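Below: the structure, in structure tokens.
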Amino acid sequence: MVAVARRSVLIGGSLGVGLLVAGCTSGGPSSPAPTSPAAPDPLLAELADERSLIAAYDATMARYPAVRARLRSVRDDHAAHAAALVTALGAAASSSPGEATSSAGSSAGSSAGSSAGGATPSAAPSGSPVPATVAAAVAVLRAAERSAASARGTVALTAPPDRARLLAGISASEASHVAVLP
Amino acid sequence: MTTPAPTPTDTGTPSPTPTGTGQVQALQTGLAAEHAVIWGYGLVGAHAGDALLAQVRDDDDAHRTLRDDTIGLVGRYGGDPVSTEPEYALPFPVTDRASALRLAIHLEEGAAAAWRYAVAATDDVEVRRTALTALSDAAVRATRWRLALPTSPATVAFPGG
């Protein structure tokens, strides 16, 4: 086996140190959640938006089976985003109605994706109806992804390090979704 | 991790945001990755085939622009920009179109990892914005290469790991 690129190894080392630093300076993935009736945790809005996106994908896949396979993996990405936000929110996540999944990562996303299908997500607000053509429906999703990528990216600019890393990853994922929407 | 000593020689440009921290380390991580990616794209271009040469050229150009911009930023924040390595070992042999495209995906995933690290390594909003844009662009390019290969799924929930 050829050795891994030296630079890649260096990058990997930097990442490890970075994670440790982030963990030390800001207390790990669950940031302190205000228990007093102060301003709501800003991640709650991002979580609500992810759940809206999941609902929009579910509705579009139910209406247009032809694009279902194409949208499935994107929908699963959003399920993973929502699960990671729930983890980051910690106790604050329970202040909003939501899915019971609390584990982060793609396994939570794929299990949610395989079981849900067109089922009703418990927390998602009933959004606007699915447009009358598949092209229009996908265009709506594309616009929603752009908007979501921008929103998550903006919050990432001033968030604590661990949250900035999470939100930046979600934002980049959503930017890449635009490229796969037919 | 490389932490070059800051250059005491002042070029006359004041530090853009003296209140932020971690800018140089964040930018150097991204810059080191960009050097490796540009080296790798030379190999991608040699094996990707004529039909994809325009995509290779576009992506290579984008990384060269980002590299140059990042070198400038490191200098503005008082750092000594890291240099490219003369050579980088490959994660697997690159001999044909498929392995070339897998290398392109690997390179963009590496760039995404470096810039995602950079986002959290500084609290400077402008450097974070640079890193975030670089991360998103790398994620989009990785997705396009996955579509070209093709391989599924073409997106990941957390680009850069």
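The values are calculated or read from the model by the stated rules, or taken from the named source; none is laboratory data. Just so it is clear, the structure is predicted and the values come from calculations on it, not from any experiment. Positions of Cβ are backbone-derived with ideal geometry, glycine not excepted, and every protein chain shown enters the neighbour counts.
Of note:
- A:A62, sole failed condition from (1) in contact with a helix residue (DSSP H, G or I) (Cβ under 7 Å, 6 or more places away or on another chain); (2) modelled with pLDDT of 50 or more: (1)
Per-residue answers, yes or no, for (1) within 15 Å of the chain's Cα centre (by Cα); (2) among the basic types (K, R):
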site: B:A89; (1), (2): no, no
site: B:V94; (1), (2): no, no
site: B:S99; (1), (2): no, no
site: B:L103; (1), (2): yes, no
site: B:L107; (1), (2): yes, no
site: B:A111; (1), (2): yes, no
site: B:D124; (1), (2): no, no
site: B:R129; (1), (2): yes, yes
site: B:A134; (1), (2): yes, no
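- Within the stretch B:26-39, the set of residues being more than 8 Å from chain A (Cβ to nearest Cβ) and either surrounded by 24 or more Cβ atoms within 10 Å (Cβ to Cβ) or more than 9 Å from B:R67 (Cβ to Cβ) (or both) comprises B:A26, B:L27, B:Q28, B:G30, B:L31, B:E34, B:V37, B:W39.
- For beta carbons closer than 9 Å, sequence separation of 6+ or different chains, a first residue in the stretch B:67-92 that is over 12 Å from B:H35 (Cα atoms) and a second that is modelled with pLDDT of 95 or more and of a type in the set (D, E), the qualifying pairs are B:L73/B:E126; B:V74/B:D80; B:Y77/B:D124.
- The condition of being small (G, A, S), surrounded by fewer than 24 Cβ atoms within 10 Å (Cβ to Cβ) and within 7 Å of chain B (Cβ to nearest Cβ) does not hold for A:A168.
- Flag: A:P182 matches the condition of being more than 9 Å from chain B (Cβ to nearest Cβ), in contact (Cβ under 8 Å) with a residue 24 or more places away in the chain, surrounded by fewer than 24 Cβ atoms within 10 Å (Cβ to Cβ) and not in a helix (DSSP H, G or I).
- Residues in the stretch B:36-89 that are among the hydrophobic types (A, V, I, L, M, F, W, C), touching a His at 6+ places or on another chain (Cβ under 9 Å) and not in a helix (DSSP H, G or I): B:V82 alone.
- Residue count, the stretch B:122-138 (criterion: buried (at least 24 other Cβ atoms within 10 Å of the Cβ), more than 25 Å from B:Y88 (Cα to Cα) and among the hydrophobic types (A, V, I, L, M, F, W, C)): 2
- Filtered by the rule that a residue be more than 8 Å from every other protein chain (Cβ to nearest Cβ), polar (S, T, N, Q) and without any contact (Cβ under 8 Å) to a residue 60 or more places away in the chain, the stretch B:108-154 gives B:T133, B:T151.
- Test: residue in the stretch B:139-157 that is crowded, with 22+ Cβ neighbours inside 10 Å, closer than 24 Å to B:Q23 by Cβ and touching a helix residue (DSSP H, G or I) at 6+ places or on another chain (Cβ under 9 Å): yes
- Flag for B:D59 being under 14 Å from the mean Cα position of the chain (by Cα) and within 12 Å of B:Y41 (Cβ to Cβ): yes
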